[in-house]
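Working notes, structure below.
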């Protein structure tokens, strides 16, 4: 294979990501853009190769996602330039990214190529990587997008001349294959499925419980032998042998229980981490449909996971693990005392029956308590974050009254819950003691009849306590289970919520979105029983056009913009982006290419750098400063002693509304989207800053589709088309100058109504 042919692989890989002549294609530089490193080049080519390799193995791993992971792994500047040993995207980085995707990956030094090595990524002597699909006796088949069937055939001797002997090989795990071919309706429960992943630990716990419970019999057998055999014969040697055996059994039992507790704690910690991660993923990926994201309910449900975690502790799992061995103890009692075992069986039934009978009442109390707690949580959130409004509008008394009502209700219901739990626990303890007494009484009569020995009574007494002890704990567990089940029901709503990214779908990928919109028969409602908030038969917005959306308050401007940004989905109709229904495009691509700046810019606790670099991909402080300069905060930030490390408190406290809106503009500039959706983007800015920003936007918006809802005149100069919404419908649609002239035209006075026939 010639050197030119090897180099061709590198060129063709670059062409996959939009390169021509070995130089990556990119958009023209725009005014206001900060200097940034060169386009990804080799990093992008390797991302494309890794994506193709994952597809060969049956996994979906888009190249854009791999490239983002590379930027996080090696730093943006180093990954983009591909230079330097410290910053080069090495095979280790590619292997690590494939592992993040859940694949089993290893880097091997194989020497000469063999059919069993492929498919794999082969590292060439030049450092270039190629995807080898298979090998026969004479050739290797390499992935090459420039060739027919995306495959080129290379003789083995020519390939070996440039092959370094190193490969990156991956394969799907058994769990991935199982998930890939599982029917959607058979997917595991979000919570109980986590226990299945720890089944090995639970098997070990069950084995430890078996041995520990067998050892627990030693004390009863020790008592039986001492009273029936050792004391009558006064055998000291036998006594000490039995005692040492009993002590050894107690020590082993304690060691096993400690090991079991450690295993259960480890398994519980893993389950908790997995479930917490899953819940947060579901929460972050939840669709922003009206009425489905009540913050107080979501916060209350997530907080209640603490009760679930506490319930499934080592003591609870240990109790459940010990319950099956009750039957072992009952069998042992039957072997010693015969029909006396029915006394223990009756006591066991009496201990647990009330717990099941009280479940309905406990559930009702739990529901009442959780409802009051959820409303109290919402009220507390409002009292803290809206304190100024409550103070200035004299709303403290209303909040205080509602708070007292909710806390009183919650306290009363919780008190009744605790009372029922105490009744169940005390009942179980009383029945346990009564069962012991009855067993001793019945045993005494058997001793009188010559059927029992004193040792038998003592052994049965000890076994009675060991047999019924787990049931005492089970009664307390049943009392707590209602709270746990209610918490799980609340978390079910989060886990089962509709997600922006449906795991059962394969979306269309679009590395760059042009920005051509078309709306067809759109309807949207916040209240299913109310009139439509939006009712638009059709709108078309060509790519690159700038559109202003005007209208009175409540006319549907913000709702329309959220539909165009993909935040909301229409109740009826379709929103097409670049000729494709937005529901078909991958949400990650939408968020990458469609920028949205809402009226209320939210900031997070941390530094200003953290609030600007929410993606964690911006490693160049020069770009952060360029974004701040673009948004008009440059003088303020450069004169501040902490600069980008300026502390941002909760909700952006300490910054003005205008400064928060400027930070929103800086975020948008860093995102560099091809579609810009702006909702009152300059409403909080002063006149000087607004004028300056508008002058910069005229150049920055070139080549981008922009839809701007505003009441401010300066930003209208950036648009060429104006829509006017009235009660959710398009009342006017036309060129900006014509629409503004129409609005400024004085209206003729309305004519007096003609007299009706009845009046005549």
For region 622-666, what are the residues that are outside any helix (DSSP H, G or I) and in contact with a strand residue (DSSP E or B) (Cβ under 7 Å, 6 or more places away or on another chain)?
646, 647, 648
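On the given criteria, is residue 293 modelled with pLDDT of 85 or more and either outside any helix (DSSP H, G or I) or closer than 30 Å to residue 560 by Cβ (or both)?
No, not satisfied.
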Search region 569-601 for residues being closer than 20 Å to residue 710 by Cβ and not in a strand (DSSP E or B), and hand back the single one that is farthest from the chain's Cα centre (by Cα).
599
Which of the residues that make up region 457-484 are buried (at least 21 other Cβ atoms within 10 Å of the Cβ) and more than 51 Å from the chain's Cα centre (by Cα)?
457, 459, 460
Given (1) surrounded by fewer than 17 Cβ atoms within 10 Å (Cβ to Cβ); (2) within 21 Å of residue 491 (Cα to Cα), where does residue 389 come up short, assuming only one miss?
(2)
Residues in region 468-476: is at least one part of a helix (DSSP H, G or I) and within 30 Å of residue 231 (Cα to Cα)?
yes
Answer yes or no as to whether residue 548 is touching a helix residue (DSSP H, G or I) at 6+ places or on another chain (Cβ under 6 Å), outside any loop (DSSP other than H, G, I, E, B), outside the structural domain of residue 703 (by TED's automatic domain parsing) and surrounded by 20 or more Cβ atoms within 10 Å (Cβ to Cβ).
no
Exactly one of these conditions fails for residue 501: (1) in a helix (DSSP H, G or I); (2) within 30 Å of residue 309 (Cβ to Cβ). Give me its number.
(1)
Going residue by residue through region 446-453, is there one that turns out to be closer than 14 Å to residue 345 by Cα and more than 46 Å from the chain's Cα centre (by Cα)?
no
Evaluate region 158-165: report whether one residue or more is surrounded by 14 or more Cβ atoms within 10 Å (Cβ to Cβ) and modelled with pLDDT under 80.
no
Under 8 Å between Cβ atoms, which residue pairs at least 6 apart in sequence (or on different chains) link something in region 447-469 that is within 14 Å of residue 338 (Cα to Cα) and outside the structural domain of residue 332 (by TED's automatic domain parsing) with a partner that is part of a helix (DSSP H, G or I) and at pLDDT 85 or above?
none
Residue among 266, 298 that is surrounded by 14 or more Cβ atoms within 10 Å (Cβ to Cβ) and in contact with a helix residue (DSSP H, G or I) (Cβ under 8 Å, 6 or more places away or on another chain):
298
Tell me, which residue of region 675-700 that is within 37 Å of the chain's Cα centre (by Cα) and surrounded by fewer than 20 Cβ atoms within 10 Å (Cβ to Cβ) is nearest to residue 632 (Cα to Cα)?
684
Options 693, 689, 697, 685: the member that is in contact (Cβ under 8 Å) with a residue 40 or more places away in the chain and closer than 24 Å to residue 543 by Cβ
693
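The values are calculated or read from the model by the stated rules, or taken from the named source; none is laboratory data. Here the structure is a predicted model, which is why all the values come from computation and not from measurement. Quick reminder, even Gly has a Cβ in these numbers, built from the backbone with ideal geometry, and neighbours come from all protein chains shown.
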